[in-house]
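**Student:** Pasting a structure below so you can have a look.
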Amino acid sequence: MTRLAVIDFETTGISPGQGDRATEVAIVLLEQGRVVDRYQSLMNAGVRIPSFITQLTGITNAMLTDAPSAAQAMAEASRFVGDTPLVAHNAAFDRKFWQAELARIDLPATQPFVCTLLLSRRLYPQAPNHKLGSLVDYHRLPRTGQAHRALADAEMAAHLLGQIQHDLRQRWGVATPHSALLMDLQRCSKAAVDKLLAQHRSLAA
DNA sequence: TGCCAGGCCCTCTTTAGGGCCTT
């Protein structure tokens, strides 16, 4: 069974190494491309949210006052994901926070990450840019809530992943665009994309 | 004190620099 978990973090900044912390996490669980479950939680890491982050996300310090602790939310998120491969838009960012927040509570973060940003750069070089919102508009996918909130962004990334898998089947003839192929595709050079997809097309034929 | 992300990718490149993308 093809099972993937699309994840998105809201945070106080861009670098956990510089003290930035997660403020919200959302995960959309997909089986065979269909949403089968969701997890979403604000989390209180005991740090102040910079005002420009509140302007960006709408998440305020007051909203975190009664939120679960970061330890509680991350433990729940870890249980929810299990060993399911994760998917994120600009996965390098979400992977940093996934690893940093789980390390704080001594939990492993060994799940592989699929990146819809890298995949989109390879498959849709003609897109005006590769921001999540722009790609949603480019593919005429549904907006699923307030942008820059974790669940809305995770849902949009899930729709984008669905579009990528659809296009791999319809435009590139790949019968089963499973996570291993997606990871090969995001790692290979741009010049090697066509060759890789041709190999998978011939395997499927 | 002053500084402060980092991986990917393009190009007027490779002995480098800068834009993109995430919050």
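The values are calculated or read from the model by the stated rules, or taken from the named source; none is laboratory data. Predicted model, so just to flag it, every value in this text is computed and none were measured. We place every Cβ from the backbone using ideal geometry, glycine too, and count neighbours over all the protein chains shown. Side chains are part of the model used for accessible areas, which takes the heavy atoms of the whole protein and leaves out ligands, DNA and RNA. Shrake-Rupley method; radii C 1.70, N 1.55, O 1.52, S 1.80 Å.
**Student:** Can you tell me how many residues within the stretch A:32-79 are within 30 Å of A:Pro177 (Cβ to Cβ), open to solvent by 40 Å² or more (accessible area, probe 1.4 Å) and part of a helix (DSSP H, G or I)?
**Tutor:** Residues that pass the stated criteria total 2.
**Student:** On the given criteria, is A:Pro125 over 28 Å from A:Gly17 (Cα atoms) and part of a loop (DSSP other than H, G, I, E, B)?
**Tutor:** yes
Here is a yes/no grid of residues against (1) within 8 Å of DNA strand B (Cβ to nearest atom); (2) hydrophobic (A, V, I, L, M, F, W, C):
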position	(1), (2)
A:Thr2	no, no
A:Val6	no, yes
A:Gly13	yes, no
A:Pro16	no, no
A:Gly19	no, no
A:Val28	no, yes
A:Val36	no, yes
A:Gln40	no, no
A:Ile49	no, yes
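**Student:** Right, next: So, in the stretch A:1-20, exactly how many residues are closer than 20 Å to A:Ile59 by Cα, among the charged types (D, E, K, R) and within 17 Å of the chain's Cα centre (by Cα)?
**Tutor:** 2
**Student:** Right, something else. Those residues that are more than 16 Å from A:Ile7 (Cβ to Cβ), near DNA strand B (Cβ under 7 Å from one of its atoms) and open to solvent by less than 40 Å² (accessible area, probe 1.4 Å), I need them from the stretch A:107-129; list them, please.
**Tutor:** Scanning the stretch A:107-129 gives no hits.
**Student:** Can you tell me which of A:Asp153, A:Asp184, A:Asp167, A:Asp137 is open to solvent by less than 80 Å² (accessible area, probe 1.4 Å), part of a helix (DSSP H, G or I) and closer than 24 Å to A:Thr57 by Cβ?
**Tutor:** Every option except A:Asp153 fails the conditions.
**Student:** Residue pairs, Cβ under 7 Å, 6 or more apart or interchain, first in the stretch A:90-109 and at negative phi, second within 11 Å of DNA strand B (Cβ to nearest atom) and hydroxyl-bearing (Ser, Thr, Tyr). List them.
**Tutor:** As it stands, the answer is A:Phe97/A:Thr11, since those pairs meet every condition given.
**Student:** In the stretch A:140-150, which residue that is open to solvent by 10 Å² or more (accessible area, probe 1.4 Å) and touching a residue at least 60 places away in the same chain (Cβ under 8 Å) is farthest from DNA strand B (Cβ to nearest atom)?
**Tutor:** The extreme case among them is A:Gln146.
**Student:** Could I ask something else about it? Conditions: (1) free of Cβ contacts under 8 Å to residues at least 24 places away in the same chain; (2) in contact with a His (Cβ under 7 Å, 6 or more places away or on another chain). A:Ala157 meets all but one. Number of the miss?
**Tutor:** Among (1) free of Cβ contacts under 8 Å to residues at least 24 places away in the same chain; (2) in contact with a His (Cβ under 7 Å, 6 or more places away or on another chain), A:Ala157 violates only (1).
**Student:** Do we have A:Arg95 as open to solvent by 20 Å² or more (accessible area, probe 1.4 Å), within 30 Å of A:His166 (Cβ to Cβ), basic (Lys, Arg) and within 11 Å of DNA strand B (Cβ to nearest atom) here?
**Tutor:** It is true that A:Arg95 is open to solvent by 20 Å² or more (accessible area, probe 1.4 Å), within 30 Å of A:His166 (Cβ to Cβ), basic (Lys, Arg) and within 11 Å of DNA strand B (Cβ to nearest atom).
**Student:** Okay, next question. Being more than 15 Å from DNA strand B (Cβ to nearest atom), of a type outside the set (Lys, Arg) and farther than 25 Å from A:Arg121 by Cβ is true for just one of A:Glu24, A:Glu76, A:Glu101. Which residue is that?
**Tutor:** None of the other options fit; the residue is A:Glu76.
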